[in-house]
Structure formats: C-alpha cells, structure tokens
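S.K.: Have a look at the structure that comes next, please.
The values are calculated or read from the model by the stated rules, or taken from the named source; none is laboratory data. What you see is a predicted model; the values in this text were computed from it and never measured. Note that we place each Cβ from the backbone using ideal geometry, even for glycine, and neighbour counts take in every protein chain shown. The protein model used for the area step is the full one, side chains on, heavy atoms only, and it has no ligands, DNA or RNA in it. Shrake-Rupley method; radii C 1.70, N 1.55, O 1.52, S 1.80 Å.
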Amino acid sequence: MDQRIKSDRYRVGFWSILCAIFTLAFLIITYLRFTRGLGAVTNLSDRFPWGLWIGFDLLCGVGLAAGAFTVTACVHLFNLKKFEPIVRPTILTGFLGYVFVVIALLLDLGQPWRIWHAIIYWNPHSVMFEVAWCVMLYTSVLALEFSPAVLERFGFHKISHLIHKLITPLVIIGVMLSTLHQSSLGSLYLIVPSKLHPLWYSQLLPLFFFTSAIGAGLGMVILESFLSGRAFGRHLEMDLLAPLGRPIVAVLGIYGLMRMQVIVRNGSYHDILNFTYEGRMFLLEFTIGVLAPVILLAIRKVRENPTGLVLGAFLAVMGFVVNRLNVSVTGMERAAGGHYVPSVMEVTVSVALVGIAMAVFALATRFLPIFPESKFTARKAKMPAPRLIPAEEGE
Amino acid sequence: MTVGLLYDSTKCVGCNACSEACKEQNKLPGAVEDHPTAYTYTVVEDHNGANVRKLCMHCLVPTCASVCPVGALRKTPEGPVVYDSEKCMGCRYCMMACPFDVPKYQWDRAVPIVGKCIMCYDRVKEGQSTACATACAYGATVFGERNNLIMDARERIRANPSGYVDAVYGIKEAGGTGVLMLSAVPFGALGLKTNLTDDPPPMRTWQVLSKLPDFVTVWGTSLYAIHWITSRRDEVAKNERGE
Ligand code: SF4
Ligand code: SF4
Ligand code: SF4
C-alpha cells in the first residue's frame, strides 16, 4: 500500500478543480451565514422556515445512508456472507452521509453552538429530539463499524480485532437506530396534518420513510459501486449487485402499494386526475422513484445487465430525492401560500457537500483497505483510472 | 384555571393600539409592521373591511411546545405559552409545526432567536391583564379566564345573533386555544385557518413516539434472535459436514 501511495504522481484534474472551487464557495457562504444571518444567504422565510438544507441535506442524506444498515444486517445478522465485500464501502458511504448531514445541520440551525442543548434539555414528546439523538448515536456507531479499516491501515490490529468481536451488538444497535431514525424523519411531518398536502400526509409517514429509504439505500449501494468501479477501472461485481435488485423491487413495490392505498382512501387522487401542481409533482416522484425502477428491476434480463441495473438504481435514488423534496417543500407550499425556491447559495452549499463527501470517499478508497484487496490491486496495476468522480489526486 | 383573550372582530376599529402596546411591553425594536414578524408579535389585518388580529393562540395543547427538542417553548400553568430564548437552538421546528403559523424568526441576525406573543406572561403572573387588552379602548380585546370568556362570547352571540357567525373560534380548533375570536363574517374570510383538526396535532406524534420503548425492545430482541438462528444454522451445517 505504501508503495502505491508514493508512486501516485499528483496531477490536477477537472474534478479536483471543480471540487476546490465549490469548497471555497462553501467556506465563503459559511462565513456570510454566520456574520449576516440566515436571511442573507438563504431564501428561507417565516413562511418557509425549512428549505433545501432540511429537505435535501437532512432527509436525503440520512435516507441514502440506509444502504449501510441494510447491508450490514444482511451480512452480520442474516449471515448472507457473500455480501461481505461491499460492507465496508457501504458503511463508509453511510458514515460520510451522516457527517454531511451534521455539517448541513450546523449551517441550518440558528444557533448551532447550542446543539448540545438537545443532550441536556430533554423533550421526549419531540420528534426532533429523537432525530437529534439518532444522528449523534448512529454517527458514532458508523464510525466504530468503519474504524477497523482505519485501524488496520495503521497497524492497530489488536483494537481492530476487539471491534470485530463486538460487531454483532454494534450491528444490532446500528439497525435499531437506523430504523428509528429513518422513520422519525417521516414522523417529523405527522405534526402538520393541516399543512402537508394529503398526497403526502398520512399517519403512515414513518413507515413510508423507512421502506423508501431501504429501497433508495440499496440503490445507492449499486450506484456507488458503479461509480467507484469506474474510477478505479474495476468491473461491476454483478454477481454481488444484481441480487440487490430484487429486494429493491420488493421493498419499493410494497411501499408503492401502501402509498396508493392511502391516496385512494383520502381522496387525494383527485389532484392527480386534475393534474394540479401537487398532482404533477407526485406523478414525477412516483414514476421515476417507484414505477420505473420496480418494472425495470423486476425484469431479470435488465437486472442482470450492468446498464439496466445501474439505471434502475439511479431512478430509485432520484425518485427518493424528489419524494423527500415533495414532502418538505412541494407538499407544504399550498399551506404556506407561496413557492419556495432555494437560493443559489443554498444550492451551492448542498452541491459542495455532496462533492466533498464524494472526494473523501474517493480518497478513502485509495488509502484505506475498503474494497477487497486482491481485485483492487490486480486491476489497478494494469488499468489507468478514468477520473469520473472527484479525486483530489490524479493518477 | 386557564386564562386567555377574547377578540371580537366586530368591535375592533383597527386603531393598532394593541400592536403598539405590545411592542412597548416586549421592548421590540422598530415600528409596527404590516404582518407579524419576530419583531412584531401582533398586527391587525383588514380583510375586506373586517378586522382580525394575528397573534399566538396559546393552544391548550400547544404544538410548538410539543415539538421543541430542547423545551424552549412551554405551556405555563396559567395558560400562556412562553419562550426561553436561552435554550432555543434555532431548529425552527416550532415554526414549521405551529398550526397557526405563529412563531417567527430573526432572519437578519447572526445570533437569531424566535419571536412570538407570550401573552405578557410577566404581567399575567402578577394577576394583571395583557398589554394589548389594557390598551384596547373599544373592548375588542379582553383578558380573562377562558371559561368566563367563552360564556361571555356566547352571550354576545345570543344577544345579537344577526351580528355574529354562530361560533367561537378557538373552542375546538387544534384541540382548543386560549385566545378566542368572534366574527361577523365566516372565519375563513378573515384569513383564519378553517382546516384544523379537532384533536391537538401533538397527539398524532405521541401515538407513534409513545410506542418507541416497546418497539425498541421487540425489534432488538428479534434482531438478536435472527442472528442467533442464522449463526446456529451455520454451525449445524458445519458440524454436519464434519468440520
Ligand atoms: S398558536 Fe402556535 S405558537 Fe401559539 S401556542 Fe399554539 S402552537 Fe404554539
Ligand atoms: S426554533 Fe427554538 S423554540 Fe423553536 S423548536 Fe427549535 S429550539 Fe424550540
Ligand atoms: S398578549 Fe402581550 S405579547 Fe401577546 S400580543 Fe398582547 S401585548 Fe403582545
């Protein structure tokens, strides 16, 4: 490993420059945010107290990290050992996702230096209280679950071994925290029956958020294997990833049926038939996030073809993002009596955070034992990697 | 005992004395704005000639207090829902959740806090009436015990049935509120929310949250059981293979 690091010549690539620009912009916006207030950098207002940073960074960041607990549960609890090779990359994605969420929250909170108040002042009636605890605890669990990769790299094999021994309780705690956390993000919206449009409001919101997160989380596992595969010139491990297509179909299928049932029951299908603003947004979400991936991935030929699999996964993830934005923005707009469009600076921050997370992921896969060693080094030696994800280092 | 305010839209002349008194009482900077902000807790709005006051409704089961993760918002035993800016971390869940869209934020400050009517808790605690009710020269805003206010409101409707809509806003809205309103035109025409549930919104969350301890126990045990079964099966398989 050491030799490989030394042999890497530093070359600045397009993605590195882009990432650097966004990081700089991010720092400037952070400065403005903390000197001039939230109003100076965001389009948030008394009408729209929550915007992109909650709708995308928090809701999607957490949701897309769901691959981590799903895959660790498969391997460590259900003993599906063949998925072992993708455990580390998914845990890393989960961990980075959560770090990304925490950074976004620190920007979004009015007084982030008081975040520890959630630890000393309790309000168990508040879903936000539950969310805060889940973020803190699960980020720690992910860090622990991932730590063997770092410890091994630096030769602390004893501690790493100890964590290996504790892996079962850790995984169980992780799965429980994730269940609570994914669903609690949906519960956040239970409190607004008079504000959230009936296409999205339901007493089942916690369940909807949980199931759709599993679907999208598995989609993320496929996507990130694809992206890092391209970056490192490895092939998609189709024998591992194609089987993930089926649970996506099952989970999103059940989720879709439950959503349909609620919509038929509460009569909000009228919005779809009348093609209202909300109806159109729902159709967009449901088509790309549920119908398309379920149909695509249900077909064996498509699922076992790398392009088909990646497309299905990509749609599932995109549809998931649209769903969370619909719940947090579209569905609330009518009650607020206006539209919310994030400011350029809000978008920049979100994009920058995604970029930085991807860059860190790329760096980590390079310097830490994350992907199975043999495959990794063998191919890497021969093939120069096309730089498709932001990597601070070129080849 | 719960105190509250009764606002009679038909008596209100829109002089804004209440809004100004509120500014002074709560030491809020700037002039009275045309809609409520973090610096203007209450305004009088004109809806086609009918006046309506906007202020915190002081819900009997306040949504804002139930959602605040740090308990910065709190229902006092007297009735007012008060805010502790020292605890607030600025998550703005209260703003998102309040069925009446009451809490406002200081978007222009580097160290922002929430602003909302606190029913002059300092005065009310001492047995005084609120600043706005005291300032009102037309009897449009009166302060008192909620039960008495409801009787008073019903009496006004009974005495002048053609002058009022036959309902008191705030008796059942979102589980009932400390601030009650009377109007000559339908409440919706005053811009008041008419799609609120009769059960307090916090109940919807609590139905889920109260089940969490059971859920954690059951889920944790089942996960462990699954693990035990699967690893046991592996062992058995290994033994059978004679390893
Ligand atoms: S009206 Fe809103 S801010 Fe006032 S007590 Fe009710 S929930 Fe809280
Ligand atoms: S903004 Fe402040 S008062 Fe409102 S819910 Fe968050 S912490 Fe509580
Ligand atoms: S009760 Fe007090 S704080 Fe509330 S509007 Fe009246 S004067 Fe302002």
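S.K.: Using a Gaussian network for chain A with springs between C-alpha atoms less than 10 Å apart, which of these wobbles most: A:G337, A:G308, A:G215?
M.R.: With Cα springs under 10 Å in chain A, the top fluctuation among A:G337, A:G308, A:G215 is at A:G337.
S.K.: Counting only helical runs of four or more DSSP H residues, what would the 222 nm mean residue ellipticity of the protein assembly as shown come to if each run contributes -39,500 (n - 2.57) and the total is spread over all its residues? Before the final figure, lay out the partial values.
M.R.: Details: 28 runs with 352 residues, N = 638.
For the protein assembly as shown, the value works out to -17500 deg cm²/dmol.
S.K.: Let me ask something additional. What does the stretch A:44-340 give for Rg and for Dmax, in Å, if only its C-alpha atoms count?
M.R.: 19.5, 64
S.K.: Nearest 100 Å², what total accessible surface is buried between chain B and chain A (probe 1.4 Å)? Write down the numbers at each step before the final one.
M.R.: On the way: alone 13420 and 18410 Å², together 27100 Å².
The B and A chains share an interface burying roughly 4700 Å².
S.K.: Springs between alpha-carbon pairs under 10 angstrom, Gaussian network model over chain A: which of A:L311, A:L199, A:L273 fluctuates most?
M.R.: So, out of A:L311, A:L199, A:L273, the one fluctuating most is A:L273.
S.K.: Per-residue mean of other chain beta-carbon atoms within 10 angstrom of the beta-carbon, peptide B:78-91?
M.R.: Details: counts 0, 0, 0, 0, 0, 0, 1, 1, 2, 4, 5, 13, 9, 18.
What the average comes to for B:78-91 is 4.
S.K.: Treating the beta-carbon of each Lys and Arg as +1 and of each Asp and Glu as -1, no other charges, what is the dipole magnitude of the stretch A:44-340 about its Cα centre, to the nearest 20 debye?
M.R.: Values: 20 positive and 15 negative charges, 94 e Å.
Charge dipole of the stretch A:44-340: 460 debye, to the nearest 20.
S.K.: Now, a different point. Within the stretch B:43-126, report the GluC sites (Glu not before Pro) that DSSP leaves as loop and that have at most 11 other Cβ atoms within 10 Å.
M.R.: Values: sites: B:E45, B:E78, B:E86, B:E126; in loops: B:E78, B:E86, B:E126.
Answer by residue number: B:E86, B:E126.
S.K.: Give the aspartates and glutamates whose C-alpha is closer than 19 Å to that of B:K54, dropping any in the same chain fewer than 8 places away, or say none.
M.R.: Filter leaves A:D46, B:D8, B:E20, B:E24, B:E33, B:D34, B:E45, B:D46, B:D101, B:E173.
S.K.: Springs between alpha-carbon pairs under 10 angstrom, Gaussian network model over chain B: which of B:C15, B:C64, B:C132 fluctuates most?
M.R.: B:C15
S.K.: In the stretch A:44-340, what is the count of Lys pairs whose alpha carbons are under 30 Å apart, counting only pairs at least 8 residues apart or on separate chains? Present the calculation step by step, with values, prior to reporting the outcome.
M.R.: Working: A:K81/A:K158; A:K81/A:K165; A:K81/A:K301; A:K82/A:K158; A:K82/A:K165; A:K82/A:K301.
Step by step, the pairs that qualify in the stretch A:44-340 add up to 6.
S.K.: Let me ask something else about it. Averaged over its residues, how many other protein chain Cβ atoms are within 10 Å of peptide B:104-111's Cβ atoms?
M.R.: Values: counts 3, 8, 4, 11, 5, 5, 10, 5.
Across the residues of B:104-111, the mean count of other-chain Cβ atoms within 10 Å is 6.
S.K.: Let me ask another. In the structure displayed, which of B:K27/B:K116; B:K125/B:K193; B:K104/B:K125 lie more than 21 Å apart, Cα to Cα? Can you show the working numbers first?
M.R.: Working: B:K27/B:K116 13 Å; B:K125/B:K193 30 Å; B:K104/B:K125 24 Å.
Result: B:K125/B:K193; B:K104/B:K125 exceed 21 Å.
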